[in-house]
Amino acid sequence: MSKILKSALLGTALTAATATAVMAEGVELEVTHWWTSGGEAAAVAKFANAWNATGNTWVDGAIAGSGGTARPIIISRIIGGDPMAATQLNHGRQAEELIEAGLLLDLTDVAEAGGWAEIVNPSSLLEACTLDGKIYCVPVNIHSAQWIWLSHAAYKSAGLDVPTDWNEFTASAGSLKEAGILPLAMGQQGWQQNIAFGAITLAVAGQEAWNGVNIDKNADVARGPEYTAAFEAVAAARDLAAESNVQDWNMATNLVITGQAGAQIMGDWAQGEFSVAEQVEGKDYSCLPGLGLNPVIDTGGDAFYFPVNDDPAITAAQKELAALLISPEVQVSFNLAKGSLPVRGDIDMSTANGCMQKGLKILANGGVLPSGDISFSQDTTLQIEDLQAQFWSSDMSAADAQAAYADIIANAD
Ligand code: GAL
């Protein structure tokens, strides 16, 4: 970003009227996020209640829609001089230009006081918050995208056993269809289709090929035989989701919860929806990390950033909130509700359900991968999501999709 633009941006932000007000009995902080489904709202309430319990006030800035909708709104508010006091973004590179422009609060003193370098696991999550040795966000959870969620009611009504891996699922799809059940629930948004693409790729192409593309950005691997098999598997999955006419991810999850669909490939934030629906893992639904074939998970998820502010009372409150979000008791209450894994390994998660225990075991065994948000720039991620949206909603051939994908990887940054 040019120095002229940087100074203009910084000037705008610092003189902006703060998005908060300092009150005698505490500090109001406006916090933006995109957690608006039933499960997400229940989880973010854990953060809000903890902050309000300190005598301060959480002003909820929920933005409806997916991260793809919310992020441009969040970023334009910060750049435009109307900053919130705190905001959710994903782990990774979404805030790198805001940090470089000096628009986000340096939290290094809070991180050092809280020993974040010793407690955050995996350490890659704190590295994703760090630029030039300074820490600009507080990681709050680990979400992984390589899960399939299966409806016991759907399989029971079709007279079938619940699958134990992706291959058994695809083999069951014909019988589900005959029973009038949608095999694969899918919201019609590129980021959701990209989650399915990523999970199927990891399961079908395998870890080595996945690493070659997602970590080494090797376009030759993307053009190779392992990815040919993966794109053919995705084309087959497209057929299983052809009748899924919902938009939002949680509407697709609801199709599984209500037994209208056999399964959904979605991140483990889907847990929150099953919890709100009072469904029990192992009784009402099953979850298979790595689609039951390759039990590794990526370290996606969320971190909170704090736009710079010229009021010392606000800045102090922002740092107090950052420390609160990673504190042991808040980590337990928030992640149990969110269905995500905590970012610290020194807390008691024994009350987590079977799916979270599967994730915790994989994490403890080191079966973790960087998420796409950490590997690729937002520009590359959006190109891949646009390709997936086109691939899943048309009769585009697997070969054409693979060629287009390899070209994106060849130019990925
Ligand atoms: C992700 C976020 C999750 C989840 C999901 C769906 O980007 O990390 O917390 O809420 O979006 O909204």
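Any residue that is free of Cβ contacts under 8 Å to residues at least 60 places away in the same chain and either polar (S, T, N, Q) or in the same structural domain as GLN357 (by TED's automatic domain parsing) (or both) - is there at least one of those in region 197-206? Within region 197-206, one or more residues are free of Cβ contacts under 8 Å to residues at least 60 places away in the same chain and either polar (S, T, N, Q) or in the same structural domain as GLN357 (by TED's automatic domain parsing) (or both).
Of GLY55, GLY65, GLY81, GLY11, all but one fail to be at pLDDT 95 or above and either within 16 Å of the ligand (Cβ to nearest atom) or exposed (fewer than 15 other Cβ atoms within 10 Å of the Cβ) (or both); the exception is GLY55. State which residue is farthest from the ligand (Cβ to nearest atom) when the search covers only region 127-163 and only residues that are out of contact with any strand residue (DSSP E or B) (no Cβ under 7 Å at 6 or more places or on another chain) and outside the structural domain of ALA322 (by TED's automatic domain parsing). Filtering region 127-163 for residues that are out of contact with any strand residue (DSSP E or B) (no Cβ under 7 Å at 6 or more places or on another chain) and outside the structural domain of ALA322 (by TED's automatic domain parsing), the one farthest from the ligand (Cβ to nearest atom) comes out as GLY159. Residues being more than 15 Å from ILE384 (Cβ to Cβ), outside any loop (DSSP other than H, G, I, E, B) and free of Cβ contacts under 8 Å to residues at least 12 places away in the same chain are represented in region 225-235 by at least one member.
Would you be able to say whether some residue in region 385-397 is within 19 Å of the chain's Cα centre (by Cα), among the polar types (S, T, N, Q), at negative phi and not assigned by TED's automatic domain parsing to the domain that holds ALA237?
Within region 385-397, not a single residue is within 19 Å of the chain's Cα centre (by Cα), among the polar types (S, T, N, Q), at negative phi and not assigned by TED's automatic domain parsing to the domain that holds ALA237.
The combined condition, being touching a residue at least 60 places away in the same chain (Cβ under 8 Å), buried (at least 22 other Cβ atoms within 10 Å of the Cβ) and either at negative phi or assigned by TED's automatic domain parsing to the domain that holds ASN254 (or both), is not fulfilled by ALA113.
Of all residue pairs spaced 6 or more apart or on separate chains, those with beta-carbon atoms under 8 Å, a first member in region 85-107 that is closer than 15 Å to GLY133 by Cα and a second member that is of a type in the set (Ser, Thr, Tyr) and surrounded by fewer than 24 Cβ atoms within 10 Å (Cβ to Cβ) are ILE99/TYR136; LEU104/TYR136; LEU105/TYR136; LEU105/THR315; ASP106/TYR136; LEU107/TYR136.
Within region 224-257, being over 24 Å from the mean Cα position of the chain (by Cα) and more than 15 Å from LEU184 (Cβ to Cβ) holds for GLY224, PRO225, GLU226, THR228, ALA229, GLU232. For region 359-391, a residue qualifies if it is under 18 Å from ALA199 (Cβ atoms), modelled with pLDDT under 95 and of a type outside the set (S, T, N, Q), and the qualifying residues are GLY359, ILE362, LEU363, GLY367, VAL368, LEU369, PRO370, GLY372, ASP373, ILE374, PHE376.
Is one or more of the residues making up region 397-407 out of contact with any Phe, Trp or Tyr (no Cβ under 7 Å at 6 or more places or on another chain), over 25 Å from VAL296 (Cα atoms), in a loop (DSSP other than H, G, I, E, B) and not small (Gly, Ala, Ser)? Let's see the steps before the verdict.
Taking region 397-407 as the starting set, the residues that turn out to be out of contact with any Phe, Trp or Tyr (no Cβ under 7 Å at 6 or more places or on another chain) are 397, 399-400, 403-407.
From what's left, over 25 Å from VAL296 (Cα atoms): 397, 399-400, 403-404, 407.
Restricting the remaining residues to those that are in a loop (DSSP other than H, G, I, E, B) gives 397.
If we keep only those that are not small (Gly, Ala, Ser) too, we end up with none.
No - not one qualifying residue is present in region 397-407.
Contact map, region 241-270: first residue in contact (Cβ under 8 Å) with a residue 60 or more places away in the chain and buried (at least 19 other Cβ atoms within 10 Å of the Cβ), second residue part of a loop (DSSP other than H, G, I, E, B) and among the acidic types (Asp, Glu), Cβ cut-off under 9 Å, separation 6 or more or different chains; pairs are ILE257/ASP284. When region 271-294 is limited to residues that are within 18 Å of the chain's Cα centre (by Cα) and within 17 Å of ALA196 (Cα to Cα), the one that is surrounded by the most Cβ atoms within 10 Å (Cβ to Cβ) turns out to be GLN271.
Put simply, of ALA153, ALA179 the only residue that is among the aliphatic types (A, V, I, L, M) and surrounded by fewer than 17 Cβ atoms within 10 Å (Cβ to Cβ) is ALA179. When the criteria are applied in full, ALA70 meets the requirement of being aliphatic (A, V, I, L, M), within 12 Å of the ligand (Cβ to nearest atom) and either touching a residue at least 12 places away in the same chain (Cβ under 8 Å) or part of a loop (DSSP other than H, G, I, E, B) (or both).
Among the strands (runs of 3 or more DSSP E) confined to region 116-191, the ones with at least 1 residues that are of a type in the set (S, T, N, Q) are located at 147-151. Screening ASN365, ASN353, ASN309 for residues that are among the polar types (S, T, N, Q) and crowded, with 19+ Cβ neighbours inside 10 Å leaves exactly one candidate, ASN309.
Of the residues ALA323, ALA337, ALA270, ALA316, the single one that is of a type outside the set (S, T, N, Q), within 16 Å of the ligand (Cβ to nearest atom) and closer than 16 Å to TRP51 by Cβ is ALA337.
Residues in region 144-167 that are under 29 Å from TYR405 (Cβ atoms) and either touching a helix residue (DSSP H, G or I) at 6+ places or on another chain (Cβ under 8 Å) or at pLDDT below 95 (or both): SER144, ALA145, GLN146, TRP147, ILE148, TRP149, LEU150, PRO163, ASP165, TRP166. Scanning region 340-376 for residues that are over 24 Å from VAL44 (Cβ atoms), more than 16 Å from the ligand (Cβ to nearest atom) and in a loop (DSSP other than H, G, I, E, B) returns ASN365, GLY366, GLY367.
The values are calculated or read from the model by the stated rules, or taken from the named source; none is laboratory data. All values derive from a computational prediction rather than experimental measurement. Positions of Cβ are backbone-derived with ideal geometry, glycine not excepted, and every protein chain shown enters the neighbour counts.
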